[in-house]
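Heads up: the structure comes next, in structure tokens.
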Amino acid sequence: MTRWKSFTVKVRRETIDAVNHFLMERGSLGMAYDEQLLGASGDPADPLPPPPEITRMTAYFPWETNLWELKRSFLEFLPTLKESFGEGPEEFHGAAEITDSGWAEKWKEHFKAQKVGQRLVIKPSWEEYPAEENDVVLTVDPGQAFGTGTHETTRMCLRFIESAFTSDASSPRSALDIGTGTGILGIAAAMLGAKRVLGIDTDPVAVEVAGKNAELNGVSDVFCVDGTILEEINEEFDLVLGNLISEILVDLAESIAARCAPGGRLILSGIIKEKSGWVVEEVSRHQMKLVTETIDGEWAALLFRKES
């Protein structure tokens, strides 16, 4: 019998990524949040109702985790959320000790193989997928890092990446994945044809997981991942990727744009759609021209080109 601890908070949907990152940095082994997917009769709703604006988010931790210290850290984190997202209902909701034999595997039931573009397929490492001709199948084992390819922000990035790798001569040869997480974006670029991809993340767990996923997909000779911070990178890349919250993208706009080669592409996501104009305005100050914007649910993704 396995023992765990749970930590539950109440959050707005748009803060899920930021809160998830906070909890992962403190040792969370997995996370779940409420979704309203059933109708009044208990059957799957058709069409699906809009996602609730407020949700309960539960993270699971090893038994030795000090929940009192975790609660204190979360309460100290709330002013940062307020500064980034405005006044909101975020609060501590509860914590519990769990004795259970299988919860850690339950979330895997909801992570299934899915096609996210014309060719790209994302599948978990524990599931087989009968690939069709021309499919590019990217296998992901999230481990303790964030990113399975199922979130709207990741799906939009992957579609933009796929579109960048056409048969013409302008396909990117090099790529930089900022805040790589599980490495899914950078690995996709490598599998689609990039000759060199660098993934960076300040979380050492993410660096380890992304490296393992690169090996799993046979691109460890192309995809390199480490903990280098963005400001320490001096070279330019044909394709730059950043799936981060709006506030971080704006704060790093100049540094991100500087890593994009003239004529290169920049793909940004993790942006609440109401804030996309703000991100476009700030990024465009640095020789970046918006090519297109796409929306999925509450989220936006942006594709820029660096002016020569």
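The values are calculated or read from the model by the stated rules, or taken from the named source; none is laboratory data. Not measured: the values here are computed from a predicted model. Reconstructed Cβ throughout: ideal geometry from the backbone, glycine too, with neighbour counts over all protein chains shown.
Some values worked out for this structure:
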read-out: Some residue of region 248-268 being more than 19 Å from P172 (Cα to Cα), surrounded by 16 or more Cβ atoms within 10 Å (Cβ to Cβ) and of a type in the set (S, T, Y); value: no
read-out: Residue match in region 292-305 (condition: free of Cβ contacts under 8 Å to residues at least 24 places away in the same chain, within 20 Å of S171 (Cβ to Cβ) and part of a strand (DSSP E or B)); value: yes
read-out: Identity of the residue in region 141-177, among the hydrophobic types (A, V, I, L, M, F, W, C) and out of contact with any helix residue (DSSP H, G or I) (no Cβ under 6 Å at 6 or more places or on another chain), that ends up modelled with the lowest pLDDT; value: A169
read-out: Enumerated helices (runs of 4 or more DSSP H) restricted to region 166-266, each holding at least 3 residues that are in the same structural domain as V136 (by TED's automatic domain parsing) and over 30 Å from T80 (Cβ atoms); value: 184-192, 204-216
read-out: Residue match in region 45-57 (condition: modelled with pLDDT under 85, small (G, A, S) and closer than 27 Å to G297 by Cβ); value: yes
read-out: Residues being in contact with a Gly (Cβ under 7 Å, 6 or more places away or on another chain) and exposed (fewer than 15 other Cβ atoms within 10 Å of the Cβ) - total across region 60-81; value: 1
